[in-house]
Amino acid sequence: MDFAISEKMQTILGMINEFVDNELIPMEPEFMAKPARSLLPAIEEKRKMVRQMELWAPNHPQEYGGMGLDLIDHALVSEALGRSPLGHFVFGCQAPDAGNIEILHQFGTVEQKEKYLQPLVDGKIRSCFSMTEVELPGSNPVMMDTTAVKDGDDYVINGQKWYTSSADGAAFAIVMAVTNPDAGPYLQASMILVPTDAPGFNLVRNIPVMGHAGEDYFSHGEILYQNCRVPQKNLLGQEGHGFAIAQERLGPGRIHHCMRWIGICNRAFDLMVARARDRIIAPNRKLATKQIIQSWIAECAADIQAARLMVLHAAWMIEKIGKKEARNEISLIKFVVANTMQKVIDRALQVHGGLGMTDDTVLAFFYRHERAARIYDGADEVHKVSVAKRILRSYEGKKVR
Ligand SMILES: Cc1cc2nc3c(=O)[nH]c(=O)nc-3n(C[C@H](O)[C@H](O)[C@H](O)COP(=O)(O)OP(=O)(O)OC[C@H]3O[C@@H](n4cnc5c(N)ncnc54)[C@H](O)[C@@H]3O)c2cc1C
């Protein structure tokens, strides 16, 4: 077992951490106070700097202009970028584009790659992923009402989706819709590329999440597909293979989130320790002298370390033996890291007292926006149940003394 980080990666991580500290963290007060769209020119400037440093799209394939880092190196990069809510977007490796890039790379036709994949990796356009429906359980997506019916050379799509993250301003959506209603439950749906200017693609609203509707990349859309017509050549992969492709997307998608969440833990932890060291709570007494705060610091340090090692191990498993074989590890990190993050943010916020509730630090932003980590890409309970079932099965016929 070798925990050493290569010299090349140490250099890259040094550059990224410096960039996050000097270029992104100073932008955060404006980011939290102003409409997101007004910041896009400034963000584009930062993206230019990242491209000049040759650090653009760290996890995306080299043949399309990314750095082509493997999952373990990307875990380290993502941890550094996760310290700021702007990190992944400025470096061109943000969700949901990252997942969409992976499936376009794996399943796209030559024409789809040229039209959608290349400009996506280049950061010239954005995309979204439209699977969850308003009326049906996202936790059991085989229950799906959205349909795509063939008509001439087209598909005609009808349905109501929500939580289509970053739909506002996206160039296209990857939509899950039922194309084969008579097939078995896992073979009914397909993925279809839908340009957002296609007739019948209606962004109804950006959903207010914890009081903030957001806009542009930083938003979650509700979409009404009303006789939305796209050519059949926009089918991604094979018809009826939507769930199989979704599995390909969700495995790495989940670990990408976990890597970013470790960065959030680290940032919240730094803020917590710094505040405890600085805050005077009695004459000549700092908050850090209180044992209960010391206990939180030690517990959070241990929790973050454990979560981080689990994420790196899951990345290693995926690299060495594949996503399918690593599905237990992926499910474990999904709920462990989401809960660790929630606990660390909460404690950091508590240590900041009233200040923690304001937007004068990034903690309240994290608190609002990262609660969803325990819900999206598989709620905690769903991952726990599926891991437990596999563990229970693995004990079948086993003699335990
Ligand atoms: C911020 C955010 C961003 C999102 N982005 C996207 C996106 O880009 N694209 C997209 O398509 N979707 C997205 N989603 C939707 C997300 O995937 C769903 O919210 C999620 O799958 C849960 O589905 P649901 O909301 O319908 O909850 P339900 O399926 O109704 O589940 C509700 C709760 O029931 C419990 N539960 C469910 N199943 C079980 C079970 N088997 N055993 C025990 N308990 C269970 C869990 O506690 C769960 O939270 C996003 C959601 C959020 C909050």
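What's the total number of residues in segment 369-394 that are open to solvent by 30 Å² or more (accessible area, probe 1.4 Å), in a helix (DSSP H, G or I) and within 10 Å of the ligand (Cβ to nearest atom)?
Quick first cut of segment 369-394, residues open to solvent by 30 Å² or more (accessible area, probe 1.4 Å) only: 369, 371-372, 374-377, 381-382, 384-386, 388-394.
Imposing the further condition that a residue be in a helix (DSSP H, G or I) reduces the set to 369, 371-372, 374, 381-382, 384-386, 388-394.
Next, only the ones that are within 10 Å of the ligand (Cβ to nearest atom) stay: 369, 371-372, 374, 381-382, 384-386.
Number satisfying all stated conditions: 9.
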- Would you please list the contacts, defined by Cβ atoms under 8 Å and residues six or more apart or on different chains, that run from a residue in segment 7-35 that is closer than 27 Å to Glu215 by Cβ to a residue that is open to solvent by 80 Å² or more (accessible area, probe 1.4 Å)? Pro29/Asp360
- Message: Looking only at segment 132-148, how many residues end up being more than 11 Å from the ligand (Cβ to nearest atom) and modelled with pLDDT of 95 or more?
- Response: 3
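Regarding Ala276, is this residue under 28 Å from His212 (Cβ atoms) and open to solvent by less than 40 Å² (accessible area, probe 1.4 Å)? Let's see the steps before the verdict.
Working: under 28 Å from His212 (Cβ atoms): no; open to solvent by less than 40 Å² (accessible area, probe 1.4 Å): yes.
So Ala276 does not fit the description; no.
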- Query: Residues of segment 89-115 being part of a helix (DSSP H, G or I), open to solvent by less than 30 Å² (accessible area, probe 1.4 Å), out of contact with any Ser or Thr (no Cβ under 7 Å at 6 or more places or on another chain) and in contact (Cβ under 8 Å) with a residue 60 or more places away in the chain, which ones?
  - Reply: Phe89, Val90, Ala98, Gly99, Ile103, Leu104, Gln112
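Can you tell me which residue among Gly108, Gly152 is on the phi > 0 side of the Ramachandran plot, more than 15 Å from the ligand (Cβ to nearest atom) and more than 21 Å from the chain's Cα centre (by Cα)?
Numbers: Gly108 fails: on the phi > 0 side of the Ramachandran plot.
Only one candidate passes the filter, namely Gly152.
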- Message: Which residue is farthest from the ligand (Cβ to nearest atom), if the candidates are limited to segment 157-166 and must be open to solvent by 30 Å² or more (accessible area, probe 1.4 Å) and more than 15 Å from Pro199 (Cβ to Cβ)?
- Response: Gln160
- Message: Regarding segment 180-203, can at least one residue be identified that is of a type in the set (Val, Ile, Thr), within 21 Å of Lys233 (Cα to Cα) and in contact with a Gly (Cβ under 7 Å, 6 or more places away or on another chain)?
- Response: no
- Looking only at segment 345-368, count how many residues are within 19 Å of Tyr217 (Cβ to Cβ) and either assigned to a helix (DSSP H, G or I) or within 16 Å of the ligand (Cβ to nearest atom) (or both). 3
- Task: Within segment 141-156, identify whether any single residue is under 21 Å from His369 (Cβ atoms) and surrounded by 23 or more Cβ atoms within 10 Å (Cβ to Cβ), and answer yes or no.
- Result: no
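The values are calculated or read from the model by the stated rules, or taken from the named source; none is laboratory data. In this text, all values refer to a predicted model and were calculated from it rather than measured experimentally. Methodologically, a virtual Cβ is constructed for each residue, glycine included, from the backbone with ideal geometry; neighbour enumeration extends over all protein chains shown. Accessible surface is based on the protein model in full, side chains and every heavy atom, while ligands, DNA and RNA are left aside. Shrake-Rupley method; radii C 1.70, N 1.55, O 1.52, S 1.80 Å.
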